[in-house]
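Participant: Dumping the structure here so I can ask a few things about it.
Nothing in this text is a laboratory measurement; each read-out follows from the coordinates by a stated rule. Bear in mind that the values here come from a model prediction, so they are computed numbers and not experimental data. Cβ atoms come from the backbone with ideal geometry, glycine included; neighbour counts cover every protein chain shown.
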Amino acid sequence: MLQQPCQRITPGQGQTDLGAESGQARLLWTRLAVLSGGFELDACKGVCTSDDLPATEILEIVTELVDKSIVVWEGGPQPRYRMLETIRKYAED
């Protein structure tokens, strides 16, 4: 039986994926780390909104994070989002 190698996020890897131009995306990503187990958009707005991160821009930034595979979209009647645990833990650091 073949074993899959462990996947690790190395320092700087997440920062490269977010890019220098997306300060709001990086800010949202780190704030989302407190929402383990997934979240709905309303919960995201309630926890992450601030003067630096207005509620009106949250959906656009979450979509950016989905496009960069930082956040995973789980469709359904009440759409939910989540981060892989390794990415969430990296955001906490």
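Participant: Taking H as built 1.01 Å from N, whose amide H comes closer than 5 Å to the amide H of V71, not counting residues under 5 places away?
Facilitator: V66
Participant: May I ask for the Rg/Rh ratio of region 39-83, computed from Cα atoms with Rh as the Kirkwood radius, given to two decimals?
Facilitator: So for region 39-83, dividing Rg by the Kirkwood Rh gives 0.96.
Participant: Output the peptides 57-65, 38-46, 72-80, 25-33 sorted from most to least packed, where packing is the average of other Cβ atoms within 10 Å over each peptide's residues. Walk me through the numbers before you get to the answer.
Facilitator: Working: 57-65: 17.2, 38-46: 15.3, 72-80: 10.1, 25-33: 20.1.
Put in order of decreasing packing, that is 25-33, 57-65, 38-46, 72-80.
Participant: Applying the Karplus parametrisation 6.51 cos²θ - 1.76 cosθ + 1.60 with θ = phi - 60° to the phi angles of region 49-55, what ³J(HN,Hα) value in whole Hz is obtained for each residue in order, glycine and proline being reported as x?
Facilitator: Result, rounded to whole Hz: 5, 7, 4, 6, 9, x, 4.
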